[in-house]
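For reference, the structure is listed below as structure tokens.
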Amino acid sequence: MTPTPPSSRQRGWMFTALGDNDLLMPEDIPARSLATMARREWIQPESGGAPGPVRYSLTAEGRAALLTVPKLNALLGAEATGRISPAVAWPTLESLLREGLVVRLTDHGVPGTAADPAYISVLGRRLAGVPAVDERPASQLLIEALAARGIEASVESDKAGNSHVAHRAPGFEVLFYRVLGSGESYSANHPAWMHGGWYGFVDDGDYAELLVSDRTGMDCAADSSRAAHALAALLSARTPVPAAAPACGASR
């Protein structure tokens with residue numbers, strides 16, 4: 001016998017719970033509906049909670065009830081970057097998009113159009129049991145890595161949506177960004193999980209110098225640490241060493 005799927009109303013409550021860190025169901029669900037979902041093992045009572053009405057949380061069975069086999073296969077079949085395979089059937093993809101389990105993103109990591117690729121969302125990862133990823137802007141990780149070495153930097157953006165992390169001093173600047181596509185576009189505000197390596201260019205007024213060119217991995221934190229270390233070493237090398245003070249009593 002085919003299990004009864006959740007109703008649209010039940011799905012709404014269950015998706016709300018899916019977005020909660022503790023998978024807790026909303027508090028305003030009618031008791032009869034709670035009993036029905038508990039009987040089907042989609043939810044379970046939480047013990048040891050605060051005084052008051054019993055709270056329920058979404059179970060593994062409940063999460064499974066929210067997915068059809070084609071949807072689950074689409075989520076589990078995502079590439080390492082989280083990109084959904086173009087081979088996923090259009091009706092399945094559209095349903096995943098409507099439910100927020102996947103999202104279309106541009107190369108800059110912002111919501112895109114139907115022409116942009118689809119990626120598994122935070123909600124989709126949680127539902128399918130796919131490991132979570134770092135959603136912080138890549139620029140945040142780099143700025144923090146620079147700050148740890150006493151280097152000030154900030155994010156700058158243009159009207160086209162391009163962004164870079166900049167460190168400036170009189171007659172000196174360095175810009176860090178991820179090169180997109182043909183190289184005419186660039187980004188620093190993309191999600192950390194979308195990172196593909198920082199490029200850093202130094203310009204002291206006479207020439208531009210490539211500081212970092214690393215496209216070896218998706219580890220934004222490690223890449224940001226390497227970039228900050230490289231800039232700190234460069235700044236140290238370019239800082240004049242103060243002349244030693246003459247020894248006491250030395251002749252002039």
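This structure gives volume of the Cα convex hull per residue in Å³, computed directly, and of [x] 180; [y] 169; [z] 206 that value is listed as [z].
Relative contact order for segment 8-65: 35 percent, from Cα pairs under 8 Å spaced at least 6 residues apart, divided by residue count. Calculated on the alpha-carbon coordinates, the convex hull of segment 1-75 measures out at 102 cubic angstrom per residue. Applied to segment 68-85, the Karplus parametrisation 6.51 cos²θ - 1.76 cosθ + 1.60 on θ = phi - 60° returns per-residue 3J(HN,Hα) values of 8, 4, x, 5, 4, 4, 5, 6, 6, x, 5, 5, 4, 6, x, 6, 7, 4 Hz, with x for Gly and Pro. Highest mean first, the peptides 61-67, 146-152, 91-97 sorted by other C-beta atoms within 10 Å per residue fall in the order 61-67, 91-97, 146-152. The dipole here belongs to the chain: it is taken about the Cα centre, uses +1 on the Cβ of Lys and Arg and -1 on the Cβ of Asp and Glu, and is about 760 debye. Charged side chains reduced to their Cβ positions (Lys and Arg at +1, Asp and Glu at -1) give segment 8-65 a dipole of some 280 debye around its Cα centre. If a/c stays under 1.5 just call it rounded; otherwise compare a/b with b/c (prolate if a/b is bigger, oblate if not). Do that for segment 113-193, with a ≥ b ≥ c from the square roots of the Cα gyration tensor eigenvalues. Cα axes put segment 113-193 in the oblate bin.
Taking other residues whose beta carbon is less than 13 angstrom from the beta carbon of residue 46, and scoring Lys, Arg as +1 and Asp, Glu as -1, yields -2. Short-range pairs are left out: with C-alpha atoms under 8 Å and at least six residues apart, the relative contact order of the chain is 11 percent.
Neighbour counting of Cβ atoms within 10 Å sorts the residues 225, 236, 157, fewest neighbours leading, into 236, 157, 225. Look at the dipole of the chain built from charges on Cβ: of 72, 118, 175, the Cα furthest out on the positive end belongs to 72.
Rule-based calculations on the coordinates, nothing more; no lab input. What you see is a predicted model; the values in this text were computed from it and never measured. Using ideal geometry, Cβ is built from the backbone for each residue, glycine included, and neighbour counts are taken over all protein chains shown.
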